[in-house]
1. Say each of Lys115 and Lys454 gets a label point 7 Å from the Cα, pointing the same way as Cα to Cβ; how far apart are those two points in nm?
2. Count neighbours as other Cβ atoms within 10 Å of each site's Cβ, and list the trypsin sites (Lys or Arg not before Pro) in segment 235-312 that are DSSP loop with at most 16 such neighbours.
3. Return the equivalent ellipsoid semi-axes of segment 158-252 as a descending list in whole Å, where each equals the square root of 5 times an eigenvalue of the C-alpha gyration tensor.
4. Between Ile440 and Ser50, what FRET efficiency comes out of the Förster formula 1/(1 + (r/R0)^6) with R0 = 56 Å and r the beta carbon distance, rounded to 0.05?
5. Can you list which of the chymotrypsin sites (Phe, Trp or Tyr not before Pro) found in segment 315-379 are DSSP loop residues with at most 14 other C-beta atoms within 10 Å?
6. Within segment 228-304, report the chymotrypsin sites (Phe, Trp or Tyr not before Pro) that DSSP leaves as loop and that have at most 14 other Cβ atoms within 10 Å.
7. Report which label in [x] 57, 33, 29; [y] 97, 30, 22; [z] 51, 30, 22 holds the value of semi-axes √(5λ) of the Cα gyration tensor in Å derived from the coordinates of this structure.
8. From the Cα gyration tensor of segment 388-452, with a ≥ b ≥ c the square roots of its eigenvalues, which class applies: rounded if a/c is under 1.5, or else prolate if a/b is larger than b/c, or else oblate?
Amino acid sequence: MYPDGLCRLDDTTWSRCLEFEDVNYQLAKPDDQTAIFEALCDMYNAHDASIGMELSLVCRKVNKADFRKRIEIAAQEDKFDTVRALYTDMLRGQLEHGNNGMVKTKFLVLTIEAKNSKEAKARFSRIMLDALNYFKAMGALAKVLDGKEWLAVLHGVLHPDGDPFSFAWEWLAPSGLSTKDFVAPSSLCFGTAKTFGLGGKYGAVSFLQILAPELSDEMLADFLKTESGILVNLHVQAIDQTEAIKTIKRKITDLDAMKIQEQKKAVRSGYDMDILPSDLATYGEDAKKLLNKLQTRNERLFMLTFLVLNMADTKQKLGNDVFQAAGVAQKYNCSLVRLDYQQEQGLVSSLPLGINQIKIQRSLTTSNVAVFVPFVTQELFQSGAAMYYGINAKSHNMIMLDRKQARCPNGLKLGTPGSGKSMSCKSEIVSVFLTTADDIFISDPEAEYYPLVKRLPGQVIKISPTSK
């Protein structure tokens, strides 16, 4: 790993990693969803056969103590400190219900062949710029990771409990250690067929067998909804367009030859030569449709390897997690199959590094690959003087926002009568009162806020033609 974020996988293979944030895909209007989907298709089409792509979606636990600290309302030495303690407990209770204890991060790792680091850097500078522009078109914030940030990601994957990561480049030379030593888990054990040991935990890698005739864009989101740590990896490798067309034409020729054989057999046996085995007829139609897509539409052919890595504290919990993930696959008419005697290769292929050692591939067109949309919904969870604004309807996580950090700190509440506008304003006033030392001014023509102002010892000033 180089400090600037370039990684040498072997003598000629180099990779770089890009982290991107979520966008509100599942809640977007159909037109906006289509625009995101088309931008995703364009991004896949832009990478030729010399560039390997790995989409890595990591859902892992964070250190619980650190996470609880983020929801801590500091005492202000007044008579409301007991209320602050109660309010903190309420927020922490809400935290337990959602899955805010899980951090979901999304990465795109691109891999190329190059003779040396200079050549790799020159080529990556253009490739990464293009990738950032595609994410910008989708409305997702993205950044290229430097070496230390990428090592922190790998450390997080290999230490599922959320142990803190400490590393500095100047430590390498005097210690004689390599970057691998700082991210490696305390132990790795590959002895059994279907599981492996990782620093006192158990893990299992499975691959997705895509059997469904049609795929859904909610599949990835459902995998990431699980309550436990999970890593979903899609290794996508483009096939050269002319090579893909040649291959399909060869297949069609083979099928036609088989059809002629069947017809000859039919004539010899004395029955109708139009009666063909149903498989031949179906495959022939499918192959022609695929060829038509590649030649007339803006589609390309890709090889996809879809891996799912589960990690848990006990073998029983791991079995339950794998069963749950298999249930998600079943829902979309696919099946999740454990990798037998390939757990080590599966773990290496599941790390966001751009290496794929699992040769179980499925060919899909651009739009079929892009159906695995990596976006669900944006999360808002800020620390500091952040206010509680309720629960995200899609992910059931807490919404914590510090308006002072927002680009536009103003707010406007709209709704039908009785939908709870003034209630949410009162709740926000209480949050501001307990969390910050700010002054609160209320202009209240309806006179509905004065009981709250009296309860939080404030001053009520009546303004009317007859008031003092």
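The values are calculated or read from the model by the stated rules, or taken from the named source; none is laboratory data. Nothing here was measured: the structure is a model prediction, and the numbers come from that model. Cβ: placed from backbone, ideal geometry, glycine included. Neighbour counts: every protein chain shown. Just the protein is used for accessible areas: all its heavy atoms, side chains included, with ligands, DNA and RNA removed. Shrake-Rupley method; radii C 1.70, N 1.55, O 1.52, S 1.80 Å.
1. Calculated label separation equals 8.6 nm.
2. Sites meeting the loop and neighbour criteria: Arg297.
3. On the way: eigenvalues 284, 97, 46 Å².
Gyration-tensor ellipsoid for segment 158-252: 38, 22, 15 Å.
4. Working: r = 60 Å, r/R0 = 1.08.
According to the calculation, E is roughly 0.40.
5. Working: sites: Phe323, Tyr332, Tyr341, Phe372, Phe375; in loops: Tyr332, Tyr341, Phe372, Phe375.
Taking segment 315-379 and a limit of 14 other Cβ atoms within 10 Å, the loop chymotrypsin sites (Phe, Trp or Tyr not before Pro) found are Tyr341.
6. Those that pass, being in a loop and sparsely packed, are Tyr271.
7. [z]
8. oblate
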